[in-house]
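Written out below as C-alpha cells is the structure these notes cover.
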Amino acid sequence: MARSRNLTLSGWISFLTDFSSNMIFPLLPLHLTRVLGAAPTVVGLIEGAAETVAAALKLYAGRLSDRLGRRKPMVVIGYALSAFSKLLFLPAITWLLVLSARVIERVGKGIRSAPRDALIADEVPADQRGAAFGWQRAMDGAGGCLGALTVWLLIASFEYRELFALALIPALLAVLLTFGLRESPQVSPLANHGEPAPDEPLPVSVKRAVWACGAFAFGHMSFAFLILAGGDVGLSDERILLGFALYQLVYTLLSPLAGRTSDRIGRRPVLLAGYALYAIAMVLLASLSGAWLFAVFALYGIAEACVDATQRAWITDQAPRSQRAACLGAYHAAIALVALPGGIVIGLLWTHLGVAAAAAFALAGTLVAALRLLART
C-alpha cells in the first residue's frame, strides 16, 4: 500500500505523541497510589472522567470538520493542547491536579481524533482502509513501546516528575509535524453531490455500529488497572514497565496485519477475534498471578490490535463522505462517554470485591458487544 503524505505524517505524529504519553501514563497509577496516596477508585475516576469530558468535543469536532471542509486546524490545535497538558503534570501534588492535566490532554485528543482519522480516510481507497488505520495505529503503538522502554531504562536514575519533564520533548516535536499536514482536495464544505448534509442524522447502520463499539468500551478495562495488578502481585516498577512495553510491542507488530486481514475477510471476523482474545485475557487476569500477568499483557495487545484499527475502518465503511468526520466523531464520543461510568464501576469492584469481580464485569461488557455484532449492524 502506497502511503499518502497525510498518512505518513499522521503516523509519525502519533509515534512521537505516544512516545511522550507513555513516558508519563504508565507511571501515573503508581504515582497516584504510591506518592499521592490515592485509592484504585481514584484511578478509575481519573481515567473515566478524562475521556468523558472530551466526549462532546469528539462529536462536535467531527461535525464541524465536515461542515467547514477543514481537518488540519483542529488536528494542530488538538495535538498542541495535548503537549501543553504534559506541562501540568510537573507541579501535580494532588490527584485533582493530575485529573485536570488528564482532562486537558483528553480535550486535545477529543478535538483532533475524528478530523485526523477523516484526513486519513479522505486519501485512502475503501479496500485499503483497514491497512491504513492499522499502519497508523502501529506507529502509535511503536511510539508507546519506545516510550515505555525509555522509562524502564531511566526509572532507576530519575524521579517520576523528572521523567514527566523529559516527555515534553517528543510532544513538542509532534506538534511541529502537524503543520506539514495538508487538506484533502476531496473535502469541500456543502458540496455533497446528493449525499446527506453534515448536520443531518447519521445513518442507522453507523448508529448501530457505534452502539456495539460503545458496549465493548463500557466493559473495557484500562491498562492502568493492569499496571495496578502488577503491583498487587509484587512486580517491581521495572518489570511492570517491561510488561507494558511487551503489550505495546505486540500491538505495534500486529495492528497492520489485523487491518489488512479485515480488508480481505471483512471487519466482523477480526472484531470478534479481538473480543474473544480480550475475554480470555480477563479470565487470566482473574487468577492474578505473576506467571499469568505477562500473558495477559500480550493477549491485551493482540486484542487491541484486532479491535482498534478495525473499528475505525468499520465505521468509515458505512459513513457517507459528507459525514465521514461526524461518523468517526460519534464513534470516538461514544467510547469516551461510557469511559467514566465504566472506569468507576471497575474501580469500585476492584477496590471492594477484588480483581476477579472487576474482570467479570469487563467480560460481561465484551459479551454484550459480541452479541450486538453478531446480531448484525
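The values are calculated or read from the model by the stated rules, or taken from the named source; none is laboratory data. Nothing here was measured: the structure is a model prediction, and the numbers come from that model. Every residue, glycine as well, gets a Cβ built from its backbone with ideal geometry; the counts of neighbours run over all protein chains shown.
Say whether the condition of being within 28 Å of Gly329 (Cβ to Cβ) and either in contact (Cβ under 8 Å) with a residue 60 or more places away in the chain or of a type outside the set (S, T, N, Q) (or both) is met by at least one residue in the range 227-240.
There is no residue in the range 227-240 that is within 28 Å of Gly329 (Cβ to Cβ) and either in contact (Cβ under 8 Å) with a residue 60 or more places away in the chain or of a type outside the set (S, T, N, Q) (or both).
Does Ser85 satisfy the criteria of being buried (at least 24 other Cβ atoms within 10 Å of the Cβ), at pLDDT 75 or above and within 27 Å of Leu7 (Cβ to Cβ)?
Answer is no for this residue.
Would it be correct to say that Val98 is in a helix (DSSP H, G or I) and modelled with pLDDT of 85 or more?
No: the conditions fail for Val98.
Would you confirm, using the coordinates I've provided, whether Ala138 is more than 30 Å from Thr33 (Cα to Cα) and either out of contact with any Ser or Thr (no Cβ under 9 Å at 6 or more places or on another chain) or touching a residue at least 60 places away in the same chain (Cβ under 8 Å) (or both)?
Yes.
Yes or no, residue by residue, for (1) over 30 Å from Arg63 (Cα atoms); (2) basic (Lys, Arg); (3) surrounded by fewer than 20 Cβ atoms within 10 Å (Cβ to Cβ):
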| residue | (1), (2), (3) |
| --- | --- |
| Asp117 | no, no, no |
| Asp127 | no, no, yes |
| Ala131 | no, no, no |
| Trp135 | no, no, no |
| Gly147 | yes, no, no |
| Trp152 | yes, no, yes |
| Leu173 | no, no, yes |
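Quick check: is even one residue across the range 244-256 in a helix (DSSP H, G or I), more than 19 Å from Leu28 (Cβ to Cβ), at pLDDT 80 or above and polar (S, T, N, Q)?
yes
Could you say which residue among Gly274, Gly266, Gly259, Gly290 is within 21 Å of Phe361 (Cβ to Cβ) and either at pLDDT 85 or above or of a type outside the set (Phe, Trp, Tyr) (or both)?
Of Gly274, Gly266, Gly259, Gly290, the one residue that is within 21 Å of Phe361 (Cβ to Cβ) and either at pLDDT 85 or above or of a type outside the set (Phe, Trp, Tyr) (or both) is Gly274.
Is there a residue in the range 13-33 that is modelled with pLDDT under 75 and among the β-branched types (Val, Ile, Thr)?
There is at least one residue in the range 13-33 that is modelled with pLDDT under 75 and among the β-branched types (Val, Ile, Thr).
Hey, could you check the range 241-253 for residues that are touching a residue at least 60 places away in the same chain (Cβ under 8 Å) and surrounded by fewer than 22 Cβ atoms within 10 Å (Cβ to Cβ) and say which is farthest from Ala313 (Cα to Cα)?
Leu242
Restricting to the range 138-184, and then to whatever is within 17 Å of Val75 (Cα to Cα) and not in a helix (DSSP H, G or I), can you tell me which residue is modelled with the lowest pLDDT?
Ser184
Within the range 58-95, take every residue that is part of a helix (DSSP H, G or I) and of a type in the set (D, E, K, R) and give me the one that is farthest from the chain's Cα centre (by Cα).
Among residues in the range 58-95 that are part of a helix (DSSP H, G or I) and of a type in the set (D, E, K, R), the one farthest from the chain's Cα centre (by Cα) is Arg67.
Any residue at all in the range 197-213 that is part of a loop (DSSP other than H, G, I, E, B), buried (at least 22 other Cβ atoms within 10 Å of the Cβ) and modelled with pLDDT under 75?
Checked against the condition, which is being part of a loop (DSSP other than H, G, I, E, B), buried (at least 22 other Cβ atoms within 10 Å of the Cβ) and modelled with pLDDT under 75, the range 197-213 yields at least one hit.
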